[in-house]
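Taken together, the values in this text are just the output of simple stated rules run on the coordinates, not laboratory data. These numbers come from a predicted model, not from an experiment. Note that we place each Cβ from the backbone using ideal geometry, even for glycine, and neighbour counts take in every protein chain shown.
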Amino acid sequence: MIKQILGRLPRKPSKSSENREFGGSSAPPLSNPSHSRSSDIMGNHRLLIDNAPLPGPNSASTFGYSHGSRLSQVVDQKLNGNSGTAPYEALPGFKDVPSSEKQNLFLRKLSLCCVVFDFSDPMKNLKEKDIKRQTLLELVDYVSSANGKFSESVMQEAVKMVSANLFRPLTPQPRENKVLEAFDLEEEEPLVDPAWPHLQIVYEFFLRFVASPETDAKLAKRYIDHSFVLKLLDLFDSEDPREREYLKTILHRIYGKFMVHRPYIRKAINNIFFRFIFETEKHNGIAELLEVLGSIINGFALPLKEEHKLFLVRALIPLHKPKCLPMYHQQLSYCITQFVEKDCKLADTVIRGLLKYWPITNSSKEVMFLSELEEILEATQPAEFQRCMVPLFQKIARCLSSSHFQ
């Protein structure tokens, strides 16, 4: 009887039932900026909350933001060069730590270099910029002298650092709203990125990282993926020729090392060409992309795949159409000659393609066509020559009757 009476009395709610009312597990503790350590600031981009005091029930509403927003705020302060909350300090050198700690230090240095500084003001953050530059140089040396396979965490952080520094909106140089011919573009001074002192070392680091035998392609392809490759290709439109030179070498290394990405890279380059030919006729990196393709075409196995022949007909031959052909004609001519040397039956297709896009009023461009035609004819067999002989000689006759003929 007593048990029945006691069973009807209301019980004090337990802690577990309170947690269930608030959605299960207890909320994560909020970090306090006064409890952060110096190691947080020196490049880890995360908050250490293990030693932070547990907040009271009203702490979330008191501070007005959660752990996630606090993290993004600190990172934003770093990216904006605000050293008031997060001083940017150099980490110890690799020679100053034991071998067992070097990989951890490498990760911290990578994270430190994820901070991007504003170079529009040359006098801003001079000390921090120099610290980052020295740290980047140390990373280059570390990758060059590595004697063990890079772990997956190292690859992830390396690609993260490279992405943070390189993938940025490209600022086009103003052209005063006038249509420029190719030769005018050659005379224009290229736009130089003021952040090049950092960008150059990041490119050097990534080139050596990709080329290193310690980088396992099977692991690295998870981070150097299609999205990464596409962003890398977008950078070919940079006006800085030094940047395009690095990109050309890096893309060639990626194509050679990551076989799984090869079809995607060819398709992405194909799409860049299509946009350039049929939409914009403006792109700074066509010559460099063609130079990479020249090496790729040289390695095509015989007989040529139908996919490669379509690329010749749909992308390479129409590249003779844009007005700025002189900017990349040498590289284009090499690619097309490679196709004819690999498969002599393509000579008729190539010659007829040249005749289709033959210039009418541009005599300097016409000289380029004649020069390319000469190289193609040297690799053309008699049977293929007879197929296109009549229209070819008709075009040559018109050239001989030109007032510009010498």
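Tell me, what ³J(HN,Hα) does each residue in the stretch 273-282 have, in order and in whole Hz, if you take phi through Karplus 6.51 cos²θ - 1.76 cosθ + 1.60 with θ = phi - 60° and put x for Gly and Pro?
Per-residue couplings from phi come out as 4, 4, 4, 5, 6, 9, 10, 9, 6, 9 Hz.
Quick check on my link table: of Lys102/Lys160; Lys305/Lys395; Lys218/Lys321; Lys282/Lys342, which ones sit more than 29 Å apart, alpha carbon to alpha carbon?
Values: Lys102/Lys160 19 Å; Lys305/Lys395 31 Å; Lys218/Lys321 40 Å; Lys282/Lys342 31 Å.
As for pairs spanning more than 29 Å Cα to Cα, those are Lys305/Lys395; Lys218/Lys321; Lys282/Lys342.
When the chain is fully extended, how far beyond the present Cα-Cα distance does Leu377 get from Asp216, taking 0.36 nm per residue of separation? Don't skip to the answer; put the middle values down first.
Working: separation 161, 0.36 × 161 = 57.96 nm, distance 4.44 nm.
Answer, rounded to one decimal: 53.5 nm.
What is the stretch 213-252 by shape, rounded, prolate or oblate, if you read a ≥ b ≥ c off the alpha carbon gyration tensor as root eigenvalues and call it rounded for a/c under 1.5, prolate for a/b larger than b/c, and oblate otherwise?
Working: a/c = 4.26, a/b = 1.79, b/c = 2.38.
Cα axes put the stretch 213-252 in the oblate bin.
Any idea what the dipole of the stretch 225-406 comes to, in debye rounded to 20, about its Cα centre with Lys/Arg Cβ at +1 and Asp/Glu Cβ at -1? The partial results should precede the final answer.
Numbers: 24 positive and 22 negative charges, 87 e Å.
That gives a dipole near 420 debye.
Rounded, prolate or oblate: pick one for the stretch 87-156, where a ≥ b ≥ c are the square roots of the eigenvalues of its C-alpha gyration tensor, a/c under 1.5 means rounded, and failing that, prolate if a/b is larger than b/c, else oblate. Don't skip to the end; give the middle numbers.
Numbers: a/c = 2.44, a/b = 2.00, b/c = 1.22.
Prolate, since a/c reaches 1.5 and a/b exceeds b/c.
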